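Structure first, commentary second.
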Amino acid sequence: MKNVVVLGKGDLCIKICEWFKKHENLKYVVPVIPEPHWTESLVDWCEVNQIDYVKSGNYRDLPKDKKIDLAFSCFYDKIVKNDFIEKCVRILNLHNSPLPLYRGMRPINWALKDKRQEHGVTIHEITPGIDDGPIVSQVRFSIYPDFEEVEDVYLKALNYGYTLFLETMPILDVIEAKKQTGEIIYHSSLDNNLLGDREGYRRDLKTK
């Protein structure tokens, strides 16, 4: 069994932790601190299930002497540096976009802002860059910018993302990760002011 560390937040991250607890050796969890109020508490889940977690929310506070066969990030809020990447036998991230489209922040917001008809979820290897590592697996699905809100697509992405995770993990060791190819789009938090009415989870219905 692999020694696994999970980093992240929210409902999907909790489901991923539950899977690793059942199928692998879930050693530690690194939650986003402070935890967001709009989703289930990963800290509460750890305490109920007696899983060790890093109270600071900083991956650098993980025990230094523990072997990490697999680190899995799901909506973690910190950029993981190269020294930690090299410590892990393998380190993966689940990102809410069909990479290399919409690397970085708020991928769903930007896809709707750009009136895309398709979005996706990607599991990829973490590298020192931002969301630019080789792709392990990916799923795409239709979206409808004319009437769907960010929260609608986000919930859809959680469902597709969990299915992708379940299909990927049992065959992870035989999947050959592939270099990202195609159109690249990247946005940082500095671009948020350009999102207009797509900046939040819902647009103001009065302005439609």
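Projecting the alpha carbon convex hull of the range 1-95 along each direction and taking the average yields 5.6 nm². Here the Kirkwood formula, the inverse mean of 1/r across different C-alpha pairs, assigns the range 130-208 a hydrodynamic radius of 15.4 Å.
The 3J(HN,Hα) values that the Karplus relation (6.51, -1.76, 1.60; θ = phi - 60°) gives for the range 76-91 are, in residue order, 6, 9, 10, 6, 7, 7, 5, 5, 6, 4, 5, 6, 8, 4, 8, 9 Hz. Gly and Pro appear as x. The amide H of GLY133, built 1.01 Å from its N in the peptide plane, has THR127 as neighbours under 5 Å, considering only residues 5 or more places off or on other chains. In whole percents, the pair-distance distribution calculated for the range 73-115 from its alpha-carbon pairs, binned every 10 Å from zero, is 24, 46, 23, 7, 0. Computing Cα Rg over 2.2 N^0.38 Å for the structure here picks out one of (1) 0.96; (2) 1.77; (3) 1.01, namely (3). Projecting the alpha carbon convex hull of the range 15-70 along each direction and taking the average yields 4.1 nm². Around the amide H of LEU26, modelled in the peptide plane, lie the amide H atoms of VAL4, all under 5 Å away and 5 or more residues distant in sequence or on another chain. In whole angstrom, note down how far apart the Cα centers of the range 7-46 and the range 138-187 are. Between the Cα centres of the range 7-46 and the range 138-187 lies a distance of 19 Å. Filter LYS15/LYS78; LYS22/LYS87; LYS22/LYS67; LYS87/LYS179; LYS2/LYS113; LYS81/LYS115 down to the pairs with a C-alpha to C-alpha distance above 29 Å, please. LYS2/LYS113; LYS81/LYS115, as the Cα separations exceed 29 Å there.
Taking only the alpha carbons of the range 80-192, we obtain Rg and Dmax values of 14.2, 45 Å in that order.
Taken together, the values in this text are just the output of simple stated rules run on the coordinates, not laboratory data. This one's a predicted model, so the numbers in the text were calculated from it and none came from an experiment.
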